[in-house]
Amino acid sequence: MATRTRRPERREKPLSRERIVEAAIVLLDTAGEGGLTFRALAERLATGPGAIYWHVAGKDELLSAAADAVVAGAMTADTADSTPQDSIRALALGVFDAIDDHPWIGAQLVRAPGRSPMLRVFEHIGRQVQALGVPPTAQFTVASALWSYILGVAEQNAANARSVRPDTDRTEFLTAVADAWASLDPDEYAFIRSVAGRLRDHDDRAEFLSGIDLILTGITAGP
């Protein structure tokens, strides 16, 4: 009689800081910052809260680590033939898409300007600003203007996306908004009425990049 070979038991990966951060990102994406608790995280990882505290000191540290992981993944490596302008555009789009996919990121970057995620992005922007030949006395101002635009527009885009139902047809939604703009009082809202038609085929990412290009043109034009 043939003997059956016993299959080895499947073992879960050992608990690590990386696994904890990955699970935290999933919770943040699905339940928001309020849903990220060590109890919920422990249940997801099939462990106890104490085991998590061995790797992460508290929620603030966990939020920072999660934001840092997402931001690091959004940043593309510069190639030898990348111009400073191309590097800034690539970084800007990476952050834009990251905040679109993970809306909680924007608030974390604003709340913790002295921590790694924000510093990682600001350092990259600053190096490209230096490569553009911006005078040292203006580098902080220029880098800050770029970062403020990137973060501000990306956050606003994510907020706009959250304000409508997930199953909303984008074209129908933009058409409805454009129609509402076009019907405003012509004296009080002359400008908004004049651009209402552009909103019908509006592309958020394209408009975002156009703004980046506008800033870059001003930087390279000089005083």
Go over the candidates Ile215, Ile219 one by one and state the one that is in contact with a Phe, Trp or Tyr (Cβ under 8 Å, 6 or more places away or on another chain), within 24 Å of Ile125 (Cα to Cα) and surrounded by 11 or more Cβ atoms within 10 Å (Cβ to Cβ). Ile215
Counting just the residues of the stretch 201-210 that are surrounded by fewer than 15 Cβ atoms within 10 Å (Cβ to Cβ) and assigned to a helix (DSSP H, G or I), which one comes out modelled with the lowest pLDDT? Asp201
Within the stretch 21-32, restricting to residues that are more than 11 Å from His102 (Cα to Cα) and in contact with a helix residue (DSSP H, G or I) (Cβ under 7 Å, 6 or more places away or on another chain), the one that is surrounded by the most Cβ atoms within 10 Å (Cβ to Cβ) is Ala24
Contacts under 7 angstrom Cβ, first residue in the stretch 78-93 being at pLDDT below 95, partner in a loop (DSSP other than H, G, I, E, B) and among the charged types (D, E, K, R), 6 or more apart: Ser87/Asp78
Consider Pro166 carefully, then state whether it is free of Cβ contacts under 8 Å to residues at least 60 places away in the same chain, outside any helix (DSSP H, G or I), on the phi < 0 side of the Ramachandran plot and under 25 Å from the mean Cα position of the chain (by Cα). yes
Say we look at the stretch 187-200 and pick out the residues that are surrounded by 11 or more Cβ atoms within 10 Å (Cβ to Cβ) and of a type outside the set (Lys, Arg); which of these is modelled with the lowest pLDDT? Leu199
Say whether the condition of being within 18 Å of Ile212 (Cα to Cα) and among the basic types (Lys, Arg) is met by at least one residue in the stretch 123-136. yes
Criterion (under 29 Å from the mean Cα position of the chain (by Cα), modelled with pLDDT of 85 or more and surrounded by 14 or more Cβ atoms within 10 Å (Cβ to Cβ)) met by exactly one of Ala182, Ala178, Ala161: Ala178
Any residue that is under 23 Å from Asp86 (Cα atoms) and either outside any helix (DSSP H, G or I) or of a type in the set (Lys, Arg) (or both) - is there at least one of those in the stretch 135-156? yes
Condition first: under 19 Å from Tyr149 (Cβ atoms) and among the hydroxyl-bearing types (Ser, Thr, Tyr). Now tell me which residues in the stretch 174-223 satisfy that. Ser210, Thr217, Thr220
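The values are calculated or read from the model by the stated rules, or taken from the named source; none is laboratory data. These figures come from a predicted structure and were not determined experimentally. Virtual Cβ from ideal backbone geometry, glycine too; neighbours counted across all protein chains shown.
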